[in-house]
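The values are calculated or read from the model by the stated rules, or taken from the named source; none is laboratory data. Model, not experiment: these values are computed from the prediction. Cβ placement follows ideal geometry from the backbone for every residue including glycine, while neighbour counts extend to all protein chains displayed. Protein only, heavy atoms only, side chains kept; ligands, DNA and RNA dropped before computing areas. Shrake-Rupley method; radii C 1.70, N 1.55, O 1.52, S 1.80 Å.
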Amino acid sequence: MKQLRASLLGEQTAENDLSLLLSNFIETPEYRSIIESKDSTVVVGRRGTGKSAMFAKLADLWKTEKATHVIQIAPEDFQTITFRSSFNGFGEKYSLIRSASKIYWRYGLLMEMLSNLGKNYKVREKISQHPVAANHIKVWQATNRDILSKVAAAVMPIIKAEANMETSIGALHQKLELTELEHAFTSLLTQSGIRFFILIDRLDEGYENDEGGAAIISGAIAVSAEFNKKYSPVRVVIFQRDNMIRAVQKHDPDYTRNIEGEVLTIHWDTHQLQNLVAKRLNVAFNFKLENTQKIWDRSTANESPNRELQGIDGFKKCLQFTLYRPRDLLSLLNQAFFNAGREGRNVIVLGDIEKTAKTISNNRLINLAIKYKC
């Protein structure tokens, strides 16, 4: 018997399951598209569809390549909430918040890359030729705070010094010296031979999908897409929940022209999900099998005619209790195997799936009732 565990197939969240995730990652068409082209800037999906898993896998992949630097931005909710407060001076006007967001993100991403170039032996001594950039790098590197906090600290004094919202936009661009910074970055990037991969996740933590939040996200996407097109050695990828993208689509009048073509949506089909589960089962039970269907059949049993769980049709019955998301499926199977193990079995039957699905559904209903105070 396999040791009784509540998370036999791994944790539900990528952040808590990196080792198993990386070694059993499923290379979906969306993942291949990101590493093989710069056609898309934003990877979109619902919760549990694997955005953070792809974030981790891309970081792991690109870190192994020569002359590359990977910048990972995945703020906590308190960091995004604080960052959003730096936009309070622009009221609720979408166009102003979006313009400010583009300046914020342009400055933040440039400074992250310039700061890393400043540590490179090929260009370290040449930074003195760009005194404006050298001064900004010195301030940027003075603290170990996260990128959002550093940007907020840089912009807040400028905004507070301006008399009205409209003049703040021009003042930000001028006083942050973005023109000079971009000139320095272009020159130093060419001389260094370094490629930058910037991965941005969890921007929606602590955000409301309202007009202001949508404007901030829209600004981040616009700058990231521009960097992808303008700088050949720079690749920026943003991972975003679908509800925030819908908010951007609702509020941004230029969504169809500027953003829609940058979006890549994650989709999982039966074949991909079965491969994902089979890889996890192979490790959990040490089957050492290669055939996906054989792995599934070794882990399941049929109760009676019309109560089969083996075979592809059996796996499809299992999927009926999910929303075709990896997180849903792993949660369902983890609990089903745990319940089977309590009864001394190391295979699951349809009854285990049905019982577990009912428990999960009831828990979700309770959570919804609490959330909406029903």
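For the reader, a short list of remarks on this structure follows.
- Matching residues, the range 273-291, being more than 28 Å from the chain's Cα centre (by Cα) and either crowded, with 21+ Cβ neighbours inside 10 Å or not in a loop (DSSP other than H, G, I, E, B) (or both): PHE285
- Residue within the range 159-180 that is under 22 Å from GLU30 (Cβ atoms) and touching a His at 6+ places or on another chain (Cβ under 8 Å) present: no
- Hits in the range 322-374 (condition: among the β-branched types (Val, Ile, Thr) and either at pLDDT below 90 or not in a helix (DSSP H, G or I) (or both)): THR322, VAL347, ILE348, VAL349, THR359, ILE360, ILE366, ILE370
- Yes/no for GLN310 being among the polar types (S, T, N, Q), open to solvent by 40 Å² or more (accessible area, probe 1.4 Å) and in contact with an Asp or Glu (Cβ under 7 Å, 6 or more places away or on another chain): yes
- Hey, ARG145 closer than 23 Å to PHE55 by Cβ, without any contact (Cβ under 8 Å) to a residue 24 or more places away in the chain and open to solvent by 40 Å² or more (accessible area, probe 1.4 Å) or not: yes
- Residue ID - least open to solvent (accessible area, probe 1.4 Å), chosen from residues in the range 95-111 that are over 18 Å from LYS230 (Cβ atoms) and out of contact with any Phe, Trp or Tyr (no Cβ under 9 Å at 6 or more places or on another chain): ARG98
- Count - residues of the range 207-239 that are in contact with a Phe, Trp or Tyr (Cβ under 7 Å, 6 or more places away or on another chain) and under 19 Å from GLN72 (Cβ atoms): 7
- Checked against the criterion of being among the aromatic types (Phe, Trp, Tyr) and touching a His at 6+ places or on another chain (Cβ under 7 Å), the range 98-117 contains not a single residue that satisfies it.
- Complete set of residues in the range 150-164 that are in contact with a helix residue (DSSP H, G or I) (Cβ under 8 Å, 6 or more places away or on another chain) and either farther than 29 Å from ASP77 by Cα or buried (at least 16 other Cβ atoms within 10 Å of the Cβ) (or both): LYS150, VAL151, ALA152, ALA154, VAL155, ILE158, ILE159, GLU162
- Scanning the range 55-86 for residues that are modelled with pLDDT under 95 and open to solvent by less than 10 Å² (accessible area, probe 1.4 Å) yields PRO75, THR80, PHE83, SER86.
- So SER7, is it of a type in the set (Ser, Thr, Tyr), over 20 Å from TYR324 (Cβ atoms), exposed (fewer than 15 other Cβ atoms within 10 Å of the Cβ) and modelled with pLDDT under 95: no
- Take the conditions (1) open to solvent by 20 Å² or more (accessible area, probe 1.4 Å); (2) within 27 Å of the chain's Cα centre (by Cα); HIS136 misses just one of them, which is (2).
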